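Each remark here refers to the structure printed beneath this line.
The values are calculated or read from the model by the stated rules, or taken from the named source; none is laboratory data. Remember, predicted model here, so these are calculated numbers, not experimental data. Ideal geometry is used to build each Cβ from the backbone, glycine not excepted, and the neighbour counts take in all protein chains shown.
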Amino acid sequence: MAPGVGAYHVSLLARCGAGWAADNMWLQGVAIALPHVQRTWRMSDAWVGSLTSSLFAGMMLGAIAWGAYADRHGRLFAYHRTLVVAAVGGSLLSLAPTWVAACVLAGLLGIGIGGSMPIDGTLFIESLPPRHHYWLTALSVFFSLGSVVSALAALALLAGTGASWRILLLTLAGLTAMAAAARLGRFRTYESPAFLVACGREAEADLVLQAMAPDHGTLEDALMEDAEQGRNDSGALFARGQARTTILLWLLWTLQSLAFTLFNALYPLYLERKGGATAPRPQAAVLRDVLAYAVSSVPGSLIGAALVRSAYGRYALAMTLSATGLALLMFLWATRTWHVVAAGMAVSLCATTAYAVLYGQTPRAFPTRVRGTGCAIASAASRAAGIVAPMLGGKAPSE
């Protein structure tokens with residue numbers, strides 16, 4: 001291991017990565033299940049997006065609430081509980097008796113997973129020496145794998161019967177519960193040393209550093225810098241020299257989420273109803289195409305991580321977003337089924353690369369004392385866009 005990192009950090013990467021995987025696993029899982037849920041209650045295309053919007057509403061609320069709490073009381077409370085809430089919400093969603101109940105329970109699920117990504121990312125980066133902050137981009141690999149897990153589960157479990165979507169969601173809830181149990185099990189997780197120093201608890205921070213990795217090297221210097229920053233003050237997000245960065249990041253999260261969520265939520269429906277065919281395509285074929293879409297996102301995470309560390313790091317986000325735009329144009333012009341699938345895979349690859357870059361850059365752009373709040377609001381802004389996106393595309397599949 002390199003100086004300042006050890007087995008603890010690898011273990012923390014896996015446990016935080018499970019939280020990121022759960023986020024995308026549920027987003028993809030709900031999107032895949034949506035046509036089946038729609039048929040269960042015979043919902044029109046204009047209203048079917050309300051389930052996804054409810055999920056994103058819960059995610060927005062969860063991101064804000066968990067993030068604000070984490071900046072005032074520490075990262076561990078939220079870290080240990082977000083996936084528990086998600087597992088409970090997902091289990092209840094699989095048993096929903098009515099459409100309205102499903103929307104409410106999707107909101108509860110969202111509250112859990114909405115806090116997982118910002119809290120996990122914040123805790124992880126604050127536990128790393130500065131020279132290893134690029135490890136944060138590895139979490140986006142787990143994020144991509146989450147959609148692969150959903151697609152594989154759907155391919156194995158989703159049948160033509162009305163109850164198959166319930167089995168799928170219950171399976172995803174079980175996987176989320178396993179991830180939550182891993183956080184509460186034998187592997188101890190320490191409070192963020194950067195948070196402890198920012199609160200004036202330097203002695204506790206030093207003990208945590210020694211427990212994480214005896215040779216913590218340059219991390220100590222970074223923590224002393226955090227101590228000089230003082231305690232939590234949300235006004236620091238808009239301090240001179242920081243305000244422009246804060247606003248630009250939040251705007252990027254909002255617009256990127258609006259575009260990708262709209263595409264991601266409707267893609268399975270589009271494949272099922274159109275995809276260049278004259279009649280609805282077989283479900284197995286649709287699910288195989290969704291799996292290809294999910295798998296194509298995994299290299300994007302690795303490419304994004306490499307770009308962040310390259311000489312072109314400062315231009316990486318602009319480059320990847322431009323590539324995503326070109327891929328969307330390819331999708332727009334696609335007519336045959338294989339054209340649609342290939343263009344969809346290109347969108348998945350490019351968009352995931354852009355997200356990996358954005359995920360890696362965001363936490364480092366905020367001071368420690370407001371990092372939880374800054375990341376949480378960025379996440380909440382993206383979830384707010386996610387609420388609107390399904391409604392905007394409510395009639396898209398049938399037009």
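Checked against (1) modelled with pLDDT of 75 or more; (2) under 19 Å from Asp120 (Cα atoms), Ala211 passes all but a single condition, namely (2). The set of residues in region 27-76 that are within 27 Å of Val148 (Cα to Cα) and among the hydroxyl-bearing types (Ser, Thr, Tyr) comprises Thr40, Ser50, Thr52, Ser53, Ser54.
Could you please find all residues in region 232-264 being at pLDDT below 70 and in contact with a helix residue (DSSP H, G or I) (Cβ under 6 Å, 6 or more places away or on another chain)? Listed by number, the residues that qualify are Asn232, Ser234. Each residue in region 176-201 was checked for being in contact with an Asp or Glu (Cβ under 9 Å, 6 or more places away or on another chain) and crowded, with 24+ Cβ neighbours inside 10 Å, and 7 pass.
Set side by side, the residues Ala311, Ala356, Ala259 differ, and just one is small (Gly, Ala, Ser), more than 18 Å from Ala389 (Cβ to Cβ) and part of a helix (DSSP H, G or I), which is Ala356. Scanning for something at pLDDT 70 or above, in a helix (DSSP H, G or I), within 30 Å of Phe187 (Cα to Cα) and of a type outside the set (D, E, K, R), does region 217-227 turn up at least one residue? The answer is no, given that none of the residues of region 217-227 is at pLDDT 70 or above, in a helix (DSSP H, G or I), within 30 Å of Phe187 (Cα to Cα) and of a type outside the set (D, E, K, R).
The single residue among Ala70, Ala65 that is surrounded by fewer than 19 Cβ atoms within 10 Å (Cβ to Cβ) and either on the phi > 0 side of the Ramachandran plot or among the small types (Gly, Ala, Ser) (or both) turns out to be Ala65.
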